[in-house]
1. Please determine whether any residue of segment 259-279 is modelled with pLDDT of 95 or more, under 30 Å from residue 85 (Cα atoms), loosely packed, with under 12 Cβ neighbours inside 10 Å and polar (S, T, N, Q).
2. Exactly one of these conditions fails for residue 130: (1) of a type in the set (D, E, K, R); (2) surrounded by 15 or more Cβ atoms within 10 Å (Cβ to Cβ); (3) part of a loop (DSSP other than H, G, I, E, B). Give me its number.
3. How about segment 55-67: which of its residues are within 23 Å of residue 178 (Cβ to Cβ) and either of a type in the set (Gly, Ala, Ser) or open to solvent by 40 Å² or more (accessible area, probe 1.4 Å) (or both)?
4. Run residue 235 past the list (1) without any contact (Cβ under 8 Å) to a residue 24 or more places away in the chain; (2) open to solvent by 60 Å² or more (accessible area, probe 1.4 Å) and report the number of the one that doesn't hold.
5. Just checking, which of 121, 96, 79 is over 13 Å from the mean Cα position of the chain (by Cα) and without any contact (Cβ under 8 Å) to a residue 60 or more places away in the chain?
6. When you go through 70, 38, 52 one by one, which is the residue that is crowded, with 16+ Cβ neighbours inside 10 Å, of a type outside the set (Val, Ile, Thr) and more than 30 Å from residue 114 (Cβ to Cβ)?
7. If we keep just the residues of segment 227-242 that are farther than 11 Å from residue 216 by Cα and not in a loop (DSSP other than H, G, I, E, B), which is nearest to the chain's Cα centre (by Cα)?
Amino acid sequence: MLRIAVPNKGSLSGPAAEMLHEAGYQQRRESKELRIVDPVNEVEFFYLRPRDIAIYVASGQLDIGLTGRDLLIDSGAEAEEILALGFARSTFHYAAKPGMISGLADLAGKTVATSYEGIVAAHLAEHGIDASVVHLDGAVETAIQLGVAQVIADVVETGTSLRNAGLEVAGEPIMRSEAVVIRRTGADADDLKVQQFLRRLQGVLVARTYVMMDYDCRVEQLEKAVALTPGLESPTVSPLHNEGWVAVRAMVPAKEAQRIMDDLYDIGARAILTTAIHACRL
């Protein structure tokens, strides 16, 4: 069986379980379950702390895992990202009192407090900055106020927490993170079970990104219509009973669907419909 690590709690847990369910995999019914077997799909799921998943996958005891890119990098484990999943996005920044830090060079000689010591240490080393890193769990904004550090490095979403602590973002982002699928570095990239698993998740990602659009248009407007809805390879075009009309079907990006519908209507297309895509293979 394919052995897969899944986050057991936190912001990664719910969306990961939802995506796996959409991909056709059985998921646990109670949060207390630490392991379940999906015999139909020949998969065994292990529900682990998100921070530990990269370590387990790197050990070779589990084949692949779902975790955050930030947690993967912070762990320093011998594991690699093989698919980005598009949820649990976050951005890491340095922050300090206003005017203290204008760029990376200003971090030299400073102490940086963070819950992600591995990420910050690697970033500083990459840019040749000699600074100390202090590991703290939980909210790190108070580290400056209490004199533990002059700078913090943390996830920044709206920046409200930083402003409330009298701090501001300094410099460019350290990194951008999201949920990812990982495997042990050097593992067989052609493993058929892993490839099937990835295809299923990619199908979910595409299904969430596209909608199916159907509409009728006159033959003389078909080329203009097809230019608006090229589909993936090309749209499906079928003749209608009424001579001079055709029915067209194509996948279109969900974010652009309303604009495309307006443009189709303007060139004379009618009966324009969109439907959700629940699963696909490309």
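1. Restricting attention to segment 259-279, the residues satisfying the condition of being modelled with pLDDT of 95 or more are 259-275.
If we keep only those that are under 30 Å from residue 85 (Cα atoms) too, we end up with 259-261, 273-275.
Filter once more, so that each one left must be loosely packed, with under 12 Cβ neighbours inside 10 Å: 275.
Okay, now just the ones that are also polar (S, T, N, Q), so 275.
For segment 259-279, residues modelled with pLDDT of 95 or more, under 30 Å from residue 85 (Cα atoms), loosely packed, with under 12 Cβ neighbours inside 10 Å and polar (S, T, N, Q): present.
2. Status for residue 130: all satisfied but (2).
3. Let us first name the residues in segment 55-67 that are within 23 Å of residue 178 (Cβ to Cβ), namely 55-58, 62-67.
55, 56, 58, 63, 65, listed by residue number.
4. Checking residue 235 against (1) without any contact (Cβ under 8 Å) to a residue 24 or more places away in the chain; (2) open to solvent by 60 Å² or more (accessible area, probe 1.4 Å), the one that fails is (2).
5. Details: 96 fails: without any contact (Cβ under 8 Å) to a residue 60 or more places away in the chain; 79 fails: without any contact (Cβ under 8 Å) to a residue 60 or more places away in the chain.
Criteria check complete, one pass: 121.
6. On the way: 70 fails: more than 30 Å from residue 114 (Cβ to Cβ); 52 fails: more than 30 Å from residue 114 (Cβ to Cβ).
The match here is 38.
7. Per the criteria, the residue is 228.
The values are calculated or read from the model by the stated rules, or taken from the named source; none is laboratory data. The structure presented is a predicted model; accordingly, all values stated were derived computationally and were not measured. Cβ sites come from the backbone with ideal geometry, for glycine too, and all protein chains shown count toward neighbours. Side chains are part of the model used for accessible areas, which takes the heavy atoms of the whole protein and leaves out ligands, DNA and RNA. Shrake-Rupley method; radii C 1.70, N 1.55, O 1.52, S 1.80 Å.
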